[in-house]
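Scroll down for the structure; my scribbles are underneath it.
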Amino acid sequence: MIPASFDYVKASTVDEAVAALVKGGEDAKVLGGGQSLLPVLRLRLNAPSVLIDVSEVGEMRALTDDGDALLIGASVTTYEVMHSELVKEHAGLLSLTAGAVADPAIRHKGTFGGSVAHADPAGDLPTVAAALDCEMVIAGPNGRRTVAAKDFFVDYFTTALAADEVLVAVRVPKLGAGWSYNYQKFNRTAQAWAIVGVAAAVKSENGTITEARVALTNMGATPIRATGVEAALAGASSSDAIAAAASKAADGTSPTSDLHADSEYRKHLAAVLTRRAVEAASGI
Amino acid sequence: MTATAETTGAIGRPIRRKEDERLLHGRTNWTDNIQLPGTIHMATLRSPMAHAKITNIDISAALASEGVLHVYIGADFPDLPGTTCVWPVTDDIVMSHMPAICTDEVRYVGDVVAIVLATDQNLAVDALQLIDIDYEPLGAVVDMEEALKPGSPLVHESAGTNLCYTAKMPCGDYEAAKAKADVVVSRRFINQRLIPNTMEPRSVVAAPMGMSDEITIWTSTQIPHVLRVLLALLTGIPENHIRVVAPDVGGGFGAKLQINREEVLALVLAKKLGRPVKWTESRSEHFVSTHHGRDQIQDIEIAATKDGTVLGMKVDLLADMGAYLQIITPGTPLLGMFMYSGIYKMEALDFTCTGVYTTKTPTDAYRGAGRPESTYAIERIMDELAAELGMEPMELRKKNWIKHEEFPYTQIAGLTYDTGNYEAATERAMEMFGYEALRVEQEARRAAGDPVQLGIGISTFTEMCGLAPSRTLGALKYVAGGWEHCTVRALPTGKIELITGTSPHGQGHETAWSQIASDIIGVPVEDIEVVHGDTGRSPYGMDTYGSRSLAVGGQAIKLAGERLVEKARIIAAHQLEVSPDDIEFAAGTYSVKGDPEKSTTIQAVAFEAFTAHNLPDGVEPTLSGEATVDPLDFSYPHGTHLAAMEVDTETGKVTLRKYVCVDDCGVQINPMIVEGQVHGGLAQGIAQAMYEGAVYDAEGNLLTASLAEYLLPSAADLPSFDTDRTVTPSTTHPLGTKGIGEAGAIASTPAIINGVIDAIRHLGVNNIDMPASPMTVWRAIQAAKSGGN
């Protein structure tokens, strides 16, 4: 399909991008790697008047060590996140999950920030942002603000970003010692979106889980933290205890039904995959 | 008989394909790459409704849109058909009329309601959104069984019914066979609707070329020759004013065995406007408007004695035509009619097929066309019969198949299988597969209650290739013949032009045909240029589909080459001053028997034939051979396919762990091309079994209308296939060849599904409908646990 015509602005700084967004009004859209936006345009599901390309904004291309966190520019590609030594060392869950996104061509073009800002509940990387309590660094006409992941994801494809704001970077807290992690992606073909995904990070001491973070992909309108599972995992040291905790994975969720999975099946998968993710992460 | 003895040389060598350099370097001549001065771009507006009356159309805003030259609606071409059906299969058939542009009623989502012609493709697409059409819904008809009930909305009101035809073929006395049976097993199988996806979408350019009244139409088609005839019949433009060219074509799989309304419109508009008209579909358009495949409900019953001797089979099909009959829509399910008994001996086969109209995209041929459906039915029901009898499924097959010493064998549907060796293919496949070891592992996993269970799927299949002879096709009410043509021309410089009526779209004819001709006329493969896919350069042909090109076209190449060699022999004898009977021909050289120093070459003879200075009396100048061959019979490739399937019983996820196939396509011209055909076919069959399936909602909307919802597997989803071939040459085809284009797609669906069920049959599961999606499999396990299924 051919998109409707649009204007194009290439921003070289964050300020330029914000200025262009303000000028473009409600019909302006930020273009990163284009892996989500371009299909939307080609299917004519949306017809923005102007695209503001941030893929080469220097600040947004940086991936730096920021003390107790990593600062990952929104235009850093999924491929770069996957292969970054810093990410492997301090946020291995993100590195692992980046490798589960789509295929190599898409990972080379698509960006971590773009995935987070697009907020597709079937996306893998927003789930990791939720699991790791990431913070979103946002720039707008009134300056900058930081929004926690739990407040950032609002609804299907909807975030706390205002129309005149751009996501500059994602602040990823370092996991620290004693943590291990896993991501279970359940899909039908290798390149497809997750039917259900589960991100798990656990801290263990002497074969006992002391702290756990579990987040779910595609189990609702946004990435969901499985807080009941997290609480039940504290103190778990056997596979039975993990299974019992994992059985709560779908509690309180109301996942969608589609061609590949109905709501009931998604809930079943969430429990199975949570158990597997925690088992794989903890080695128990 | 073997043909291999006379085909030493180029035939049988896995040489690299001549086509690949241009394909790999992007120098391919796709239709959409053709840019002619003054081209007008066409865009099509398609119905968003499955079934509705058109009550009002307002094109004024679109006409005023930038770059728009014309907007046409149905009223502008009220009598122009958009397609035609050349196979009215029965006397009772209800035919349909698909207009080039709908006039007052739409019958599927994707039906064309208007077209825009603009100076630029982008502007043409932009203007589509400005056309305002009011629809009055008429009621969708989605389900075949509902469609046949009284009171269902009618797809074609004037027909008074949604029943398209009923075809019956009783062979033997099934009721008598059933009366003798100890065991009768029946199942309902769903051969789901598939959406063929070619790498290159459909595309057409039509242009008046100025030197005469001729209009050249380049189109991404499998059938340039057939299309030329049909375009002439539909448009009234004289056939000798139409030249059809199929340039490089990026995949067909049957989806480009069609006459499409966009081709009709491009031709008519190019003539009307006197300018080139171009149209290329988007992938989104492709999903709703390129014909679909399969879509059958199969009620299958098999009767046997308790020792496992199959007595007979009853086949009752519902076949979804979609909204209109296209080129061979009604015939497609019947291409499997003769093959429901597969490789097995039985006393009776009672076949019925009911064609049904629905408000969905028309169906038509898709890789295998009728034979994948029949193969699925027989190979699935054999496994169910084995389970009912408590027999090992391979043992049941061995007990019933035609033994190699019994060929030629006339099977229950009346076909005579010329050759085959099911024992040899099966023995080799089981050895490569490690069949016994996998059975041991399967038992161990069952005993241990492993959450991941293992199953072995078997498919011992045969098929029929090369639709022919023509008089048989006539008896089946098919409008065209089944012959093929070839001209082999020796040019004055000794180079060869091989003009074929086949029309490749990825198969490698340029290479394989050169290999055949090289052996026959004794010139190097690289000196042979294969000309194809252009009615201006290769005037006679029946094109490429149904694995016919080698099986039928290969015979024409052989005969044409031999005729050239014989004419050259007369000239050579004259030059060497001996009788033609005293000339020996080998490897391109004519020499005098007993005096090999006295010789000349075919290239030298070609030059003599060109100058004509010293030809024998009565011999015309120029050197060529021409042949049009109508084969004696179909050919019958076969093979044994084995799949090791893992089923995660906790999630229902199915994994193909190992796939072995041993095919017998007779003599292989180029084993590397054969290997490629097998791999591609397997991928498409496995895709049907595990991934693909068109889904419509109750209103007739296609829910799987993009590659995000309609799952095509990639290399990342498939294992490395273990393949081999046995060679049992055909005795009815002079090269000993049989055909391989569709084997993988035909054989693999039952192998996969039998394997899935074999993994979980002990849990109580005895059927899984395709595709074996995780949710489908998980639900089947849950249902079996609670006593269902």
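As a footprinting exposure proxy, order B:Lys567, B:Lys495 by other Cβ within 10 Å, with the fewest listed first.
Going from sparsest to densest Cβ surroundings: B:Lys495, B:Lys567.
Would you order B:Ile516, B:Ile54 from fewest to most other beta-carbon atoms within 10 Å of each residue's own beta-carbon?
Fewest to most other Cβ atoms nearby, the residues stand as B:Ile54, B:Ile516.
Across peptide B:286-298, how many C-beta atoms of other chains are within 10 Å of each residue C-beta, on average?
So the per-residue partner count for this stretch is 0.
Can you bin every Cα-Cα distance in segment B:627-751 into 10 Å intervals starting at zero and give me the percent of pairs per bin, rounded to whole numbers?
Whole-percent P(r) values from 0 Å outward: 12, 35, 27, 17, 8, 1, 0.
For labels at A:Ile106 and B:Asn56 in the simple 7 Å Cα→Cβ model, what's the distance in nm?
My value for the distance between the label points is 4.3 nm.
Is there a simple number for the mean count of other chain Cβ atoms within 10 Å of the Cβ of residues in A:259-268, and what is it?
Mean number of neighbouring Cβ atoms from other chains: 4.
Can you return the lysines within cross-link range of A:Lys88? Criterion is Cα-Cα under 28 Å, with same-chain partners fewer than 8 residues away left out.
Partners within reach: A:Lys109, A:Lys150, A:Lys174, A:Lys185, A:Lys203.
Mind checking which aspartates and glutamates have their C-alpha under 12 Å from B:Lys180, skipping anything on the same chain fewer than 8 residues away?
B:Glu347
Assign one of three labels to chain B, namely rounded, prolate or oblate, based on the Cα gyration tensor with a ≥ b ≥ c the square roots of its eigenvalues; rounded applies when a/c is under 1.5, prolate when it is not and a/b is larger than b/c, and oblate otherwise.
Oblate, since a/c reaches 1.5 and b/c is not below a/b.
Show which lysines lie in cross-link reach of B:Lys403 when reach means a straight Cα distance below 23 angstrom and same-chain residues fewer than eight apart are skipped.
List returned: B:Lys306, B:Lys345, B:Lys738.
For segment A:1-98, rounded, prolate or oblate, judged on the Cα gyration tensor with a ≥ b ≥ c (square roots of eigenvalues), a/c < 1.5 rounded, else prolate if a/b > b/c?
Verdict is oblate for segment A:1-98.
Grab the DSSP H runs of the protein assembly as shown that are 4 residues or longer, score each as -39,500 (n - 2.57), total them, divide by all residues and round the 222 nm result to the nearest 500 deg cm²/dmol.
-8500 deg cm²/dmol, from helical runs alone.
What ranking do B:586-592, A:112-118, A:10-16 get when scored by the average of other Cβ atoms within 10 Å per residue, highest first?
The peptides rank, most packed first, as A:112-118, B:586-592, A:10-16.
Out of all DSSP beta bridges with both ends in the protein assembly as shown, state the antiparallel percent to the nearest 5.
DSSP beta bridges in the protein assembly as shown are roughly 80 percent antiparallel.
By average Cβ neighbour count within 10 Å, what is the ranking of B:436-445, B:193-202 from highest down?
Per-residue Cβ counts within 10 Å, averaged per peptide and sorted highest first, yield B:193-202, B:436-445.
Per the Cauchy relation, a quarter of the hull surface: what is the mean projected area of the convex hull of the alpha carbons in segment A:7-53, in nm²?
Its Cα hull, projected and averaged over all orientations, spans 3.0 nm².
From largest to smallest, what semi-axes in whole angstrom does segment B:1-126 give when each is the square root of 5 times an eigenvalue of its alpha carbon gyration tensor?
With the √(5λ) rule applied to segment B:1-126, the semi-axes are 43, 27, 11 Å.
Neighbour counts of other C-beta atoms within 10 Å: give me B:Met169, B:Met211, B:Met542 arranged from fewest to most.
Ordered by Cβ neighbours within 10 Å, fewest first: B:Met211, B:Met169, B:Met542.
Under 12 Å from the Cβ of B:Ala694, count the other residues' Cβ atoms, weight Lys and Arg +1, Asp and Glu -1, and hand me the total.
Overall, the nearby charge balance is -2.
So what is the relative contact order for chain B, in percent, with contacts set as C-alpha pairs under 8 Å and at least six apart?
Relative CO of chain B lands at 16 percent.
Could you give the distance between the Cα centres of segment A:1-42 and segment B:409-470, to the whole Å?
55
Count, for each residue of B:406-415, the Cβ atoms from other chains sitting within 10 Å of its Cβ, then give me the mean as a whole number.
0
Relative contact order (percent) for segment A:7-53, with alpha-carbon contacts under 8 angstrom and 6 or more residues of separation?
With pairs under 8 Å counted, the relative contact order is 57 percent.
I need the peptides A:210-218, A:245-253 ranked by packing, meaning the mean over residues of other C-beta atoms within 10 angstrom, with the highest value on top.
A:210-218, A:245-253
What translational diffusion coefficient, to the nearest whole µm²/s, does the protein assembly as shown have by Stokes-Einstein, given a Kirkwood radius computed over alpha-carbon pairs, a temperature of 37 °C and 0.692 mPa s viscosity?
103
None of the figures in this text is laboratory data; all of them are computed from the coordinates on show. The shown structure was predicted, so the numbers you read here are calculated from the model rather than taken from an experiment. No Cβ is skipped: glycine too gets one built from the backbone with ideal geometry, and neighbour counts run over all protein chains shown.
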